[in-house]
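Colleague: I have a structure I would like to understand better, so I am pasting it below and will then ask my questions one at a time.
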Amino acid sequence: MIRTRFAPSPTGDLHLGSAWTALASWALARRDQGAFVVRVEDLDPPRVVRGSAAQIADDLRWLGLDWDEGPDVASAANTHAPYAQSERGAIYESAIVELASRGLTYPCDCSRAEIARAASAPHPGEETVYPGTCRDRDPARAMKRDPAVRLRVPEGTRIHVPDGALGAIDQDVSRECGDFVLRRGDGVFAYQLAVVVDDLAMRITDVIRGADLASSTPRQVLLARLLGAEAPRYVHLPLVVATDGARLAKRTGGASVRALREAGIDARAIVGKLAGGLGLAPDDAPRSTGEALDAFRARAIAWPREPWRVPAEWSHVTGA
């Protein structure tokens, strides 16, 4: 059975870029009588906005995007609270223990400044590659600061990932990423670890998300394999951008679902525009999620290749 998920970060309003991937994930699951899961990525407390997770869940329901399960297993359909990563630390720690037992982790007490000085300067748009400073140091040494835990990426690890929208993603993880962090020095579990452990635990078969996360995918596939499993299938959709083509920001007009809702724009209008842009429906006429799903079932799956622009008629609507 197909199982998809939507994993928002509760750092503010649900924006159209997130609603775009949520609708695509929901529609793919519902098309084949699968399951759709919502999981809140709230691991980094300073970034979490109080009340944001509840508001995102409310806006998803308002759009007509229901989900099938959550930590409160006794709840009725579509009344589940989403899963929250902040409540799942024990399974992330178990994954680190498993990797450590096979010699695949080590402590790193480098500061960001030390890493930046030691690493080669990245090209524009690339990440700084950790140079392996602590890889072969004594793990029992006196640490300069609370250490992070890094994955010891096997040399020559090249990962090829088929992608339903991009075609394929190919990366030499050892050279282009290096040994990446699994848990920060302050105890916060890294996104790369948590997302993999959760996708495996929740039996997610298909991940649909934005193209801005494509570069993380080979690391996640590698982690899944090291944990003895196969990663899900991936679709990295083109991003939603502002009316003028600029990247979405918190104040981008027409980007906030809550602001559109409070401005009196109907959920069917939003769903219809998104469904048309995603290729779920033949046009962007107003539709409920159920009507968009009916249209999607009658069409071949052909995910878009170009960014989708916020409709000009919504560009005057800004959030708080």
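Colleague: Between 0 and 90 degrees, rounded to the nearest ten: what's the tilt of helix 16-31 against the longest Cα principal axis of the chain?
Modeller: Tilt relative to the chain: about 80 degrees.
Colleague: Then there is this: When the scattering of the chain is computed by the Debye formula from its Cα atoms alone, each counted once and equally, what is log10 I(q)/I(0) at q = 0.06, 0.08, 0.11, 0.14 Å⁻¹?
Modeller: Treating every Cα as an identical point scatterer, log10 I(q)/I(0) equals -0.22, -0.39, -0.74, -1.15.
Colleague: Once you have the Cα-Cα distance between Thr11 and Ala211, take 0.36 nm times their residue separation minus that, and quote the gain in nm to one decimal.
Modeller: Fully extending the segment from Thr11 to Ala211 adds 70.0 nm.
Colleague: I want to verify the translational diffusion coefficient of the range 160-239 in µm²/s; compute it with Stokes-Einstein, Rh as the Kirkwood radius over Cα pairs, at 25 °C and 0.890 mPa s.
Modeller: For the chosen part, D equals 188 µm²/s.
Colleague: Follow-up question, since we're still on this one. As a check on your grasp of the helix formula, calculate [θ] at 222 nm for the chain: sum -39500 (n - 2.57) over DSSP H runs of n ≥ 4, divide by the residue count, round to the nearest 500.
Modeller: Helix-only estimate at 222 nm: -9000 deg cm²/dmol.
Colleague: Then there's this: Placing +1 on the Cβ of each Lys and Arg and -1 on the Cβ of each Asp and Glu in the chain, which of Gly167, Ala27, Ala312 has its Cα farthest towards the positive end of the resulting dipole?
Modeller: Result: Gly167.
Colleague: Report the full-extension gain for the segment Ala312 to Ala113: residue separation times 0.36 nm, less the Cα-Cα distance, to one decimal in nm.
Modeller: Net length gain for the segment: 67.3 nm.
Colleague: Right, here's the next one. Can you send over the carbon and sulfur percentage of the accessible area for the range 108-210, probe radius 1.4 Å, protein chains only?
Modeller: 51
Colleague: Rg over Rh of the range 215-287, using C-alpha atoms and the Kirkwood radius, what does it come to?
Modeller: Checking Rg against Rh, the ratio lands at 1.14.
Colleague: Something else: Figure the gain on full extension for Ala168 and Trp62 (residue separation times 0.36 nm, minus the Cα-Cα span) and round it to one decimal in nm.
Modeller: Value of the extension gain: 34.7 nm.
Colleague: Pull the list of the chain cysteines that no other Cys approaches to under 4.7 Å, Cβ to Cβ.
Modeller: Singleton cysteines: Cys110, Cys177.
Colleague: Between Arg47 and Ala140, how many nm apart are label points set 7 Å from Cα along the C-beta direction?
Modeller: Result for the modelled spin labels: 3.7 nm.
Colleague: On average over all directions, what projected area in square nanometres does the range 1-119 have, based on the convex hull of its Cα atoms?
Modeller: Average of the hull's projected areas for the range 1-119 equals 10.6 nm².
Colleague: Now, a different point. Leaving out ligands and nucleic acids, note down the accessible area per residue over the chain with a 1.4 angstrom probe, in whole Å².
Modeller: 46
Colleague: Oh, and also: How many angstrom lie between the Cα centre of the range 164-182 and the Cα centre of the range 12-73?
Modeller: If you average the Cα positions of each part, the centres end up 26 Å apart.
The values are calculated or read from the model by the stated rules, or taken from the named source; none is laboratory data. All values derive from a computational prediction rather than experimental measurement. Neighbour counts run over all protein chains shown; Cβ positions are idealised from the backbone, glycine included. Keep in mind that these areas ignore ligands, DNA and RNA; they rest on the heavy atoms of the full protein, side chains included. Shrake-Rupley method; radii C 1.70, N 1.55, O 1.52, S 1.80 Å.
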